[in-house]
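Report on the structure given below.
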Amino acid sequence: MKTLLNANDSAEIAARIHNLSVDANARWGKMNVSQMFAHLQGPLRIGLQEVKLRQSLVGMLFGRLVLKKFLSDEPWRRGMPTDKTFIVSEPREFNQEKDKLLELIGRFNRVGPGGISKYRHPFFGKLSPEEWGRLMWTHINHHLKQFGA
């Protein structure tokens with residue numbers, strides 16, 4: 001299973017990001033590619049202990065029950081609900097958001113398991129560093145597929 005804690009897996013994700021252009025069209029959803037780059041930064045910032053959010057009531061009730069599916073190799077369903085904190089609807093600058101995302105991915109990989117958040121994920125709750133690495137990889141992969149990368 002791929003994870004952002006593995007250097008090769010992180011490099012693969014970065015290469016796919018580099019292959020996207022500002023005019024990449026989404027296969028589903030409302031975000032453009034620049035907004036998608038910004039959207040992906042939020043969960044990474046939690047994983048890097050830069051942002052702390054409370055776990056939602058729905059997450060407390062169901063987060064652990066569905067986590068296994070989100071960590072699997074099975075593709076994520078399109079149009080899943082998103083925490084309002086991570087919804088990006090305003091215009092964003094492509095290169096700026098791309099650079100921020102790549103920097104966060106690189107830092108996530110470099111800090112390794114010891115530097116990954118002890119904070120609760122706002123939906124899934126307490127995660128091990130390995131679960132954080134896997135979840136971040138699958139989330140980014142889902143959105144890269146959204147834009148054909």
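The values are calculated or read from the model by the stated rules, or taken from the named source; none is laboratory data. In this text the structure is predicted, and so the values were computed from the model without any measurement. Note: ideal-geometry Cβ built from the backbone for every residue, glycine included; neighbour counts use all protein chains shown.
At-a-glance table
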quantity	calculated
Enumeration of residues in the range 37-55 that are surrounded by 16 or more Cβ atoms within 10 Å (Cβ to Cβ) and not in a helix (DSSP H, G or I)	LEU48, VAL51, LEU53, GLN55
Subset of the range 63-85 that is out of contact with any Gly (no Cβ under 8 Å at 6 or more places or on another chain) and of a type in the set (Val, Ile, Thr) - its residue that is nearest to LEU53 (Cα to Cα)	THR82
Near pairs, Cβ below 8 angstrom, 6+ apart or cross-chain, from the range 110-124 (over 12 Å from LEU53 (Cβ atoms) and in contact (Cβ under 8 Å) with a residue 24 or more places away in the chain) to any residue that is among the aliphatic types (A, V, I, L, M) and surrounded by 11 or more Cβ atoms within 10 Å (Cβ to Cβ)	VAL111/LEU48; GLY112/LEU5; PRO113/LEU5; GLY115/LEU48; ILE116/LEU5; ILE116/LEU48
Whichever residue in the range 73-116 is small (Gly, Ala, Ser) and at pLDDT 85 or above and, among such residues, is surrounded by the fewest Cβ atoms within 10 Å (Cβ to Cβ)	GLY114
Residues within the range 17-36 that are surrounded by fewer than 18 Cβ atoms within 10 Å (Cβ to Cβ) and over 30 Å from GLN55 (Cβ atoms), tallied	7
Subset of the range 1-29 that is assigned to a helix (DSSP H, G or I) and among the polar types (S, T, N, Q) - its residue that is nearest to the chain's Cα centre (by Cα)	SER10
